[in-house]
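Before any comments, here is the structure.
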Amino acid sequence: MSDKLKDVINKQQQQQNVDENVHSEDIVQLVGFIIGEEEYAVPILTIQEIIKPIGWTRVPQTPSYVLGVFNLRGSVIPLIDLRLKFGLPSQKQNDETRFIVMKHGDDVAGFVIDRLTMALRLKKSDIGPAPDTVDGDNTIIEGVGKRENNILTILKVNKLLERDF
């Protein structure tokens with residue numbers, strides 16, 4: 001397990017101690033990250049690993065947001081740039097860039113994120129539905145999490161992992 005993922009889990013456990021009086025079934029555990037100027041989150045249990053960027057191999061005839069594939073301890077995993085997938089301009093990787101490897105069932109992929117934020121624990125009551133402006137069945141948006149100072153978009157990992165290429 002990477003050090004960054006351990007840090008995220010430790011922060012989550014600290015936050016859990018603060019929320020002792022709230023029933024665990026009323027809490028959703030997420031990991032937050034930044035793409036462009038927006039904060040997104042996915043359920044913590046869908047994350048296999050968070051790593052610093054490593055080399056990858058380009059695969060011909062794939063959409064521009066599919067950077068290629070990389071080898072993670074013997075497994076060949078597709079690498080998707082979420083900036084490009086979300087219609088944002090490409091950005092040079094820096095010290096904060098991470099690959100976040102997500103899984104849902106047998107589907108696994110790595111996603112390039114601009115920056116990891118933190119582990120989050122939100123009450124289910126603080127999560128609203130996806131906005132009406134998106135197609136409910138085809139959207140990658142699970143819902144919108146409301147926090148004290150901002151909101152964040154919660155993504156559907158199964159939709160992110162769908163192979164449309």
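Taken together, the values in this text are just the output of simple stated rules run on the coordinates, not laboratory data. Keep in mind that this is a model prediction, so the values were computed, not measured. Ideal geometry is used to build each Cβ from the backbone, glycine not excepted, and the neighbour counts take in all protein chains shown.
Taking the Cα centre as origin and putting +1 on Lys and Arg beta-carbons and -1 on Asp and Glu beta-carbons, what dipole magnitude results for the chain, to the nearest 20 debye?
Approximately 540 debye in magnitude.
Counting other Cβ atoms within 10 Å of each Cβ, which chymotrypsin sites (Phe, Trp or Tyr not before Pro) in region 51-89 have at most 15 and sit in a DSSP loop?
Answer by residue number: 86.
Describe numerically, in nm with one decimal, the distance between label points set 7 Å from Cα along Cα→Cβ at residue 11 and at residue 107.
2.7 nm
For a quick check, take a GNM of the chain with Cα springs below 10 Å and name the residue from 71, 150, 94 with the largest mean-square fluctuation.
Per the Cα network of the chain with a 10 Å cutoff, 150 tops the list.
Specify which labelled value, from (i) 38, 14, 12; (ii) 35, 22, 12; (iii) 27, 19, 14, agrees with semi-axes √(5λ) of the Cα gyration tensor in Å derived from the coordinates of the model shown.
Given (i) 38, 14, 12; (ii) 35, 22, 12; (iii) 27, 19, 14, the structure-derived one carries the label (iii).
Is region 97-165 best put as rounded, prolate or oblate by its Cα gyration tensor, with a ≥ b ≥ c the root eigenvalues, rounded for a/c under 1.5, and otherwise prolate when a/b is larger than b/c, oblate when not?
Cα axes put region 97-165 in the oblate bin.
Starting from 0.36 nm per residue, how many nanometres of slack lie between residue 133 and residue 2 once their C-alpha separation is accounted for?
43.4 nm
What residue among 43, 78, 60 has the largest mean-square fluctuation in a Gaussian network model of the chain, using Cα springs under 10 Å?
Among 43, 78, 60, the largest GNM mean-square fluctuation belongs to 60.
Pick from 46, 97, 57: which is most flexible by mean-square fluctuation in a GNM of the chain where alpha carbon atoms under 10 Å apart are linked?
Highest fluctuation among the options: 57.
Residue 27's amide H: which non-local residues (gap 5+, or another chain) put their own amide H closer than 5 Å, with H modeled 1.01 Å from N in plane and none for Pro or chain starts?
Amide H to amide H, under 5 Å and 5 or more residues apart or across chains, residue 27 pairs with 124.
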